[in-house]
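Readers should treat all values here as calculations from the given coordinates under stated rules, not as data from a laboratory. All values derive from a computational prediction rather than experimental measurement. Positions of Cβ are generated from backbone atoms using ideal geometry, with glycine treated the same way; all protein chains shown enter the neighbour counts.
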Amino acid sequence: MSIKVVALDADDTLWVNESYFRKTEEAFCQLLEGYASMHNLERELVRTELDNLPLYGYGVKGFMLSMIESATRISAGTVSAETIDKIIELGKKLLNEPIELLDGVEEVLRSLQGKYRLVVATKGDLLDQERKLKKSGLSHYFHHIEIMSEKDDANYLKLIRHLDIKPEELLMVGNSLKSDVVPVLNIGGHAVHVPYHITWVHEQINHTIEHENFRVVERIDQILAFL
């Protein structure tokens, strides 16, 4: 591989993220348990989140608004102001969760720094992602930070133009097949999938990937074996 840039996803690749969302979702369902079953509450919240993605994008703020909207619809407008306040507090707590680095992340960054240009390529709310990166203590490892509204072919092409590299000189490392692997392979880059034990439904795909530029590792530090 003629790699010049190693790009890494942030949430659930560098640090824990989805686990906090699941914990918040459970707390939301407990607040609304008087209106519907846990299963129906979860299903309604996910449906609302997905419907709202074109409006709010990814991140905690959109999730908070979707919780409020779901609560209002599930309760037929009868949910109390006190419950809405509690939902807002759940969102604020989620914004202030500690940054828990995943095993091997800093070792990998130390090993690769100086050998490749390191880039964070993530999506979500700009302020939230910037805050998490600052709290992580990892900023100094990275040549460039790219926070996308969507991780698709067009935005990855925009990234490689900004970095002044060819597609085949990019290696993307991440936990999402949909966001970190498929679009990078589509444009001619290389991709490594590092699965996380929880995957948001929107990031799941229903087909297998077979491609000469694609690898799967169990832990992020295993990429050092071929870089």
Taking R0 as 35 Å and r as the Cβ-Cβ distance between E107 and E210, the FRET efficiency 1/(1 + (r/R0)^6), rounded to the nearest 0.05, comes to 0.70
Relative contact order as a percentage, the chain, C-alpha pairs under 8 Å and 6+ apart, gives 26 percent
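Please state, rounded to one decimal and in Å, the Kirkwood hydrodynamic radius that the stretch 7-65 gives when every pair of distinct Cα atoms enters the mean of 1/r. List each step's numbers first, then the result.
Working: mean 1/r = 0.0790 Å⁻¹.
Every distinct Cα pair counted, the radius reaches 12.7 Å.
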Once Lys and Arg are counted +1 and Asp and Glu -1 for all other residues with Cβ under 12 Å from that of I198, the total becomes -3
For the pair A225 and I187, the simple spin-label estimate (label points 7 Å beyond Cα toward Cβ) gives in nm 2.9 nm
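Can you give the calculated 222 nm mean residue ellipticity of the chain, where each DSSP H run of n ≥ 4 adds -39,500 (n - 2.57) and the sum is split over every residue, rounded to the nearest 500 deg cm²/dmol?
-13500 deg cm²/dmol
Based on the alpha-carbon gyration tensor of the stretch 117-227 and its eigenvalue square roots a ≥ b ≥ c, which shape applies: rounded if a/c is under 1.5, prolate if not and a/b is larger than b/c, or oblate?
rounded
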The correct pair for the stretch 12-116, radius of gyration to one decimal and Dmax as a whole number, both in Å and from Cα atoms, is 17.0, 59
Counting as exposed only GluC sites (Glu not before Pro) in DSSP loop states with no more than 16 other Cβ atoms inside 10 Å, the longest exposed-site-free span of the chain is 34-99
Note: the stretch 69-140, point scatterers on Cα, Debye, no solvent; log10 I/I(0) at q = 0.14, 0.18, 0.27 Å⁻¹ equals -0.64, -0.83, -1.25
About its Cα centre, the chain carries a charge dipole, from +1 on Lys and Arg Cβ atoms and -1 on Asp and Glu Cβ atoms, whose size in debye to the nearest 20 is 520 debye
Here, trypsin sites (Lys or Arg not before Pro) of the stretch 159-227 satisfying both criteria (DSSP loop; at most 14 other Cβ within 10 Å) are R219
About its Cα centre, the stretch 134-227 carries a charge dipole, from +1 on Lys and Arg Cβ atoms and -1 on Asp and Glu Cβ atoms, whose size in debye to the nearest 20 is 340 debye
Hits for the chain under the membrane-span-like helix rule (DSSP H, Cα axial span at least 18 Å, Kyte-Doolittle mean at least 0.5) are 60-74
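Do any trypsin sites (Lys or Arg not before Pro) in the stretch 39-139 lie in a DSSP loop with no more than 13 other beta carbon atoms within 10 Å, and if so, which?
K115
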PRE zone check, label point 7 Å out along Cα-to-Cβ of R22, amide N under 18 Å, scope the stretch 179-195, hits 194-195
Once the dipole of the stretch 18-95 is set up from charges on Cβ (+1 Lys and Arg, -1 Asp and Glu), the residue from the list N40, L55, S75 lying farthest towards its positive end is L55
Flagged as over-length at 31 Å C-alpha distance, from K115/K178; K135/K158; K4/K92; K132/K178, the pairs are K4/K92
Once the in-chain neighbours fewer than 8 apart are removed, the aspartates and glutamates whose Cα is under 17 Å from K23 read D11, D12, E33, E42, E44, E49, E89, E97, E100
